[in-house]
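A quick write-up on the structure given underneath.
The values are calculated or read from the model by the stated rules, or taken from the named source; none is laboratory data. Just so you know, these numbers come straight off a predicted model, no measurement behind them. Counting neighbours? That spans all protein chains shown, and the Cβs are built from the backbone with ideal geometry, glycine included. Only protein heavy atoms, including side chains, enter the accessible area calculation; ligands, DNA and RNA are left aside. Shrake-Rupley method; radii C 1.70, N 1.55, O 1.52, S 1.80 Å.
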Amino acid sequence: MSHGGVKSSRNGHAGAESPTDSLPAPPDGGWGWVVVFASFMIHIVTDGMTYSFGVFYSEFLTYFNEGKGKTAWIVSIMVGVTLSSGPLSSSFVNRWGCRTVTVAGALLSSACVVLSAFANNVTTLIFTIGVGAGFGFGLIYLPAIVSVTVWFERYRSLATGIAVCGSGLGTFLFPPITSALISNFGWRGAMALIGAFILNCVPLGIMFRPVPERVQSPVTEPMLPKTQKSPLKRSQSSEHVARANGKVDEDVSRLTLSQPILNDSQEQRSLAQSRQGSGIMQRPDVLYQGSMTSLARYRGASPERIQISVKTEERKQNCGWLPCSEEFKAALSEMLDISLLVDPIFVLFCLSNFLTSIGFYIPYVYTVDMSKKLGVENPEYLISIIGAANLVGRIVLGYISDKPWVNRLLAYNVCLTIAGISTAMAMACWEFWGLAMYAAVFGFTIGAYVGLTSVVLVDLLGIEKLTNAFGLLLLFQGIASLIGPPFAGWLYDTLQSYSPGFFVAGGTISLSGVILFLIPVLEKRNNRQRWMQDTVLEQI
């Protein structure tokens, strides 16, 4: 990548343009499994509350007697703020690392949820839960994924799969727990207890230890031929050796290439030691949730196949407790590179994500209240079924997506199409078991939307563009999430039926899958145009 002062080198050493500092390669184990456990537990807490919010939603409707559309703004703004805060969270992670940002997010979201227990109107909840807790979850969401991916390469698909399965388990556990808390303590007591429970993310975030720097074996003088000792004492750079001797000593050149520590100047090392910040988000593969060995270009590559160069000017920035303006601009340029918007394939993928996000949260928000209107007993268990099926779906889809014989884009498209159709057909159900079948199908297939987005993006655009593409997608997802639930609530307020809202959700989700079947057509057209251009150039 050339944006934001970040370059990747396939050769394992920095480019010649500026002094560089290599980030540590993923160790594929060790403390990384503790990080996976912490991320798994954090997903249980944060996503468990978010996806089970339909239980609280039903209580809020009765207690505050507000319209369904206005009440739905609470969860819509929470989700929208969580996703849209991605670039800012990225900047914070680069500045302070995953551990500090996660702890700060846990404290903020916990405080805001506890404050929500004292709310006297829906507007207050929109600010405390929607804006406050949403931004806190945004500070947790990004580090919970990033902290796992930087520890793993070969087993990244397995590690991230385990971590994000906490989301499905949380969605399975939280609805009945929330319902029981409301029955015993009222919605205010339940809200305060869940807010206190979110504090568990503080010790879990502390477990997000950064990847240790690789220790290079020091080259001592007795190991070197006498002819090499003198040049190395004067300079640790092979170029300086060449200038000192008037020629390039091939033995010293080979030595400095095989021992990267000898290839750094004193100034570079002092800058690296004094540099504040993690630079985690400067890895081009940091948001890729699949195994790196599943990518054809990296099969058989050594763990050191990606080394990242960071400009010296960025490392010198230090603006106290806030991210530097230039540092923040760099994060924005990485996460929101609008140059991708001229790529028709990416534009189509963004449109698909936008449509999916419009309908994605409608079942989570309205299934409980819709089931109550039908007289279904224990409707909160339907959300639990969605969570359990989603857990299985993420595991199965994540496993098969790393197989070379699987067309990941096709699997992604088919799953979204089925999820949408099943959501629309849910309106034909009127008893628990019919709705349970819908919940199982929807939960399983919608797992593709969360689990396969990053791997499909890499297949379509290449891993160098993943950070840019993912940042823009988060923005589109955040905006779309603001639209879906309130619009479905407004439809109910107008038509006194949940059917139109579920039809909208089903239609947008299924359409998001169907339009992606056009991508192979666009790819063939692009390949044909490139072939014609190459032919013309050869003739010239």
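Numerical summary
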| item | result |
| --- | --- |
| Separation between Cα centres of segment 186-209 and segment 67-126, rounded to whole Å | 13 |
| Val347-Glu431 pseudo-label distance in nm [points 7 Å out on the Cα-to-Cβ vector] | 5.1 |
| Full-extension gain in nm, Trp531 to Leu158, via 0.36 nm per residue minus C-alpha separation | 130.4 nm |
| Carbon plus sulfur fraction of accessible area for segment 388-538, probe 1.4 Å, in percent | 73 |
| Packing rank of 339-351, 197-209, 168-180, where each peptide gets the mean count of other beta carbons within 10 Å, highest leading | 168-180, 197-209, 339-351 |
| Relative contact order computed over segment 393-540 (Cα-Cα under 8 Å; 6+ residues apart), in percent | 35 |
| Segment 366-456: chymotrypsin sites (Phe, Trp or Tyr not before Pro) in DSSP loop, at most 13 other beta carbons within 10 Å | Trp405, Trp430 |
| Summed side-chain charge close to Ile182 - residues other than Ile182 whose Cβ falls under 11 Å, Lys, Arg +1, Asp, Glu -1 | -1 |
| Stretchable slack from Ser339 to Trp405, in nm (0.36 nm times residue separation minus alpha-carbon distance) | 20.5 nm |
| Solution diffusion estimate, µm²/s, Stokes-Einstein, segment 452-540, Kirkwood Rh from C-alpha pairs, 37 °C, viscosity 0.692 mPa s | 199 |
| Phi to ³J(HN,Hα) by Karplus 6.51 cos²θ - 1.76 cosθ + 1.60 over segment 44-60, Hz, x for Gly, Pro | 4, 6, 6, 6, x, 5, 4, 6, 9, 5, x, 5, 5, 4, 4, 5, 5 |
| Nearest-0.05 FRET efficiency for Lys373 and Val521, computed from C-beta distance (R0 41 Å) | 0.45 |
| Nitroxide proxy distance, nm - points 7 Å out along Cα→Cβ at Ser183 and Val514 | 4.2 |
| Area accessible to solvent at Glu66, 1.4 Å probe radius, in Å² | 70 |
| Estimated distance in nm for a label pair at Glu213 and Asn121, the labels positioned 7 Å out from Cα along Cα-to-Cβ | 5.6 |
